Structure formats: structure tokens, C-alpha cells
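Colleague: One structure, pasted below without further comment.
The values are calculated or read from the model by the stated rules, or taken from the named source; none is laboratory data. Note that this is a predicted model, so its numbers are computed, not measured. Cβ sites come from the backbone with ideal geometry, for glycine too, and all protein chains shown count toward neighbours.
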Amino acid sequence: MTKVQKTPEIGKAYNEKNETKSLTVNDIQESFNENQSPILAKLLKCYDLIIEAANQDVVRRKPLISRYDSKNDDIVPIILQGTINIVQGKTGTHKSRFAELLCSLFLVNAATCNTDFLEFISALFPVAVVYIDTERGMKDEFPLTVQRIREKAGFDKTFKIDNFYPISIAKAERHERVEAVKQWLEYVQGQTSLPLFVVLDVVTDCVVSFNNDKDSLKLFDDLRNFADDCNATFLLLIHENPFSDKARGHTGTEGQNKASTIIQIGFNSDNDDNDLMKLRFLKTRNIAKPNPIFLEYSKEAQGLVLANEDMVKQQIENKRKAFDTDLVIEYLEQLLTDPKESKEVSSIQEKIAAKFKKGIRAAQDKLLDIINQEYILRDLEGEECKITREKDPKDKRRLLLKLALLNTNIQTELPLDNVQK
């Protein structure tokens, strides 16, 4: 029969065997560190960073790009550090020219530069510019872009600027392009300690399919991580669909959700012979939406300049007289998202009639057409919306007009106006 030791004897033997192996607090911590998962290790690093920052007075970083608002005599922040931002527009609307202009803004040679920067103002500290191209030829097209950026900054077109890092990733396979972006940013980080302003032209070329939601989600997750890890601010260029103002595919949809600022550039009218363009702020997460900026392309400047004020006034007046639907939609967005408007007692159709100098019936017909055709509007966050009508629970003879998000049943917290049946 096997002899069974009594419990005290077992404990004594165990203690004698392990008396030299008692664990200290440091031993326990080292053992924990060795056995934790890679995901937890990353989370703990993030936790340390957050707590370290939260234990001090948090000071928001200064904006990279601001603009002078002449109407209110104020400087308005446009692009903040560490954010993802988008410029969208149809083919041929000078998206790349606008991005080039913003790049030159950070590289300015003050002694020789005479470029019209459209009243945009760069940060008062040095920034390294990274222009990543995906679609232009590397022997002539993209080198010409590099030369234009140098010239607009006030340098000779062949002068190599130290804090300017243009690159093409067109040779990389599509499934490798996000990794190519990462490695180029890491290389640039090894060359400079400056914060980075990164243009990605065009962002849909960095996914295998811009209609694949998984690709798009991963792309923006990666860009968010690059922004944090590389002290980078992104400006992403993306094409719009041919017959709408929606950016392409799932990439465009996810970009709308993740971007801090979305800027749309396009021609102000499809019917006019002139080339008046409009820069419109579809989304500004941290500020009230700035007024649109009217531009024109200048052959002399080889780029965009502020449009002639008289020409702008004349075209707006022509569109107002023509009861232009786009102009009415812009006014509706203002009515439905401006808290000041909710204090006024007049109905929306009365406001439209007064604004465009039309009769009440004409204003109501235009309003109902916009509702029935389900035209896209945007709320304060830049989210795509449509106007819906619902019965007023307090008066069944009237309808309530609401601005509703397209992808949800939740109504936005906006003022309601009445419209008669």
C-alpha cells in the first residue's frame, strides 16, 4: 500500500523545494510581459500614451492649414494636424492642381514667391511635404507636377527642396500599395523629424477594389495608424461618380465617415461658357462650414486663382433668376442646419420664395420636386441626407419637413419647418 503523506508534510516539502524560487513583483511582471499577446502589448502601449497625455493639460496641436475669412475678418482652421482629409471632384476639375498649391504653401521661398494661395495660410512651423502619386507617368507627367510645386513655392523648377519628398507607387501591385506608402513614410521619417503633410493622389488606387468594403475599411485603419505613428496629416484625392457628387465606391463612403474635412471642387455651372469653379466644404468636423470659394484656372499662373468678384456675382444672379436647383439645395441646407433659422416663424417655401424672388406656388413646386427626386443634401457633419415629409402629430392637416440620414432611420437633431400639402 502506498503511504500517503499528511497535508502539513506535503506543504513543508513544497516550501523547502521552492524556497529559492519565490517570485518577486518584478519576476511576476516579467513573466506577464513574456506571455502577453501581441495585441495586448499594443493596447498597453496605447494605454500608456493616453494616460500620460491625460495626466497633463491637453493642448490641441495648431492647424496645418487655415484660411482668412474676409467676411468675418477671422482666421479659420481648415486642416488640423494628425487628421485624414479629402478633396473630391469629377475628372478634369483640377483636384491635383489644388493639392499641388497646398504643397507649395509649405515649401514657400518668401523672398521670391508670388503665388496666389487663395487666402490659405500654412502653419508657422516647418513641415515636410510628401506627395504620393499613383497614376501619372514617371518620365514626364509626374516630374512636371514636381516642377510646378517647386515653381509655385518660389524656386527654380529644377531646384531640389530638402523637405519635399515626391514619389510614385504606380509600379507597386495594388495589394502592395498601402505597404509601399508605409515604407516610404518610414523612410522619410528617417530623413527628417518634421511633421509630415502627405498627399495621396488618388486614394482609390491603393485598394484592389474601391467597391470592396473590407479593403476600404483596412485602408482607412492603416492610414489612421500611419497618421499617429508617423506624425502625419493626410490629404486624399478621390474621384466622384460621373452622375452624382458622391465619392467613388465603398472607399468614398468610408472616407466620408473618417475624414475630418471634406472639400469638393467642381465647375459652378454645367451650362455656362465660362470656367468658374467652386470649392465647397462638405464637411468640417471641428468648425462651422466656411463659405464656398470661387476659383478660375489661370493659364498665366498655370493654376487656380480666386475668381473675379463681378463674374461670381453675375453667375450667382443668373442661377438665382433661373431658380437653379443646386442653388436652392444649398439654401435648404443652410435653412435646415442653421439654429438661427429655427427662430423664424415663416415656412420654408416662404423663405425660398423671398430668397429667389418667386411666388409661393413656384417655391413649393421646387421644394416638392427636390423631395420627390430625392436630391442629396448634407448636414452639419457632411453626412449625405435627403428631405422627408411626415405628418405633424399636432396637426394632421400639415406635414413636417425633416433632414434624414440616408443610411439610417435616425433623424438628425435639426430644426423642423412646416410645409402644406
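Colleague: So, restricting to strands (runs of 3 or more DSSP E) that lie completely within segment 67-160, which ones have at least 1 residues that are of a type in the set (S, T, Y) and modelled with pLDDT of 90 or more?
Modeller: Here the list reads 120-122, 128-133.
Colleague: Next question. Can you list the strands (runs of 3 or more DSSP E) lying wholly within segment 345-421 that have 1 or more residues being at pLDDT 60 or above and out of contact with any His (no Cβ under 8 Å at 6 or more places or on another chain)?
Modeller: 384-392, 395-405
Colleague: Are any residues in segment 208-267 within 11 Å of the chain's Cα centre (by Cα) and part of a helix (DSSP H, G or I), and if so, which ones?
Modeller: G252, E254, G255, Q256, N257, K258
Colleague: Condition (residue is surrounded by 10 or more Cβ atoms within 10 Å (Cβ to Cβ), at pLDDT 90 or above and of a type in the set (A, V, I, L, M)) applied to segment 12-34: is it met by at least one residue?
Modeller: Narrowing segment 12-34 to residues surrounded by 10 or more Cβ atoms within 10 Å (Cβ to Cβ): 12-15, 18, 23, 27-33.
After this cut, where a residue has to be at pLDDT 90 or above as well, the list is none.
Looking through segment 12-34, none of the residues is surrounded by 10 or more Cβ atoms within 10 Å (Cβ to Cβ), at pLDDT 90 or above and of a type in the set (A, V, I, L, M).
Here's the yes/no breakdown for (1) modelled with pLDDT of 85 or more; (2) not hydrophobic (A, V, I, L, M, F, W, C):
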| site | (1), (2) |
| --- | --- |
| L282 | yes, no |
| N291 | no, yes |
| K299 | yes, yes |
| Q302 | no, yes |
| A307 | yes, no |
| Q314 | yes, yes |
| D324 | yes, yes |
| L327 | yes, no |
| P339 | no, yes |
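Colleague: Based on this model, can you work out whether S70 counts as under 21 Å from P292 (Cβ atoms), surrounded by fewer than 11 Cβ atoms within 10 Å (Cβ to Cβ), of a type in the set (S, T, N, Q) and touching a residue at least 24 places away in the same chain (Cβ under 8 Å)?
Modeller: yes
Colleague: Does V58 count as at pLDDT 75 or above and not assigned by TED's automatic domain parsing to the domain that holds V76?
Modeller: Yes; evaluated as a whole, the condition is true for this residue.
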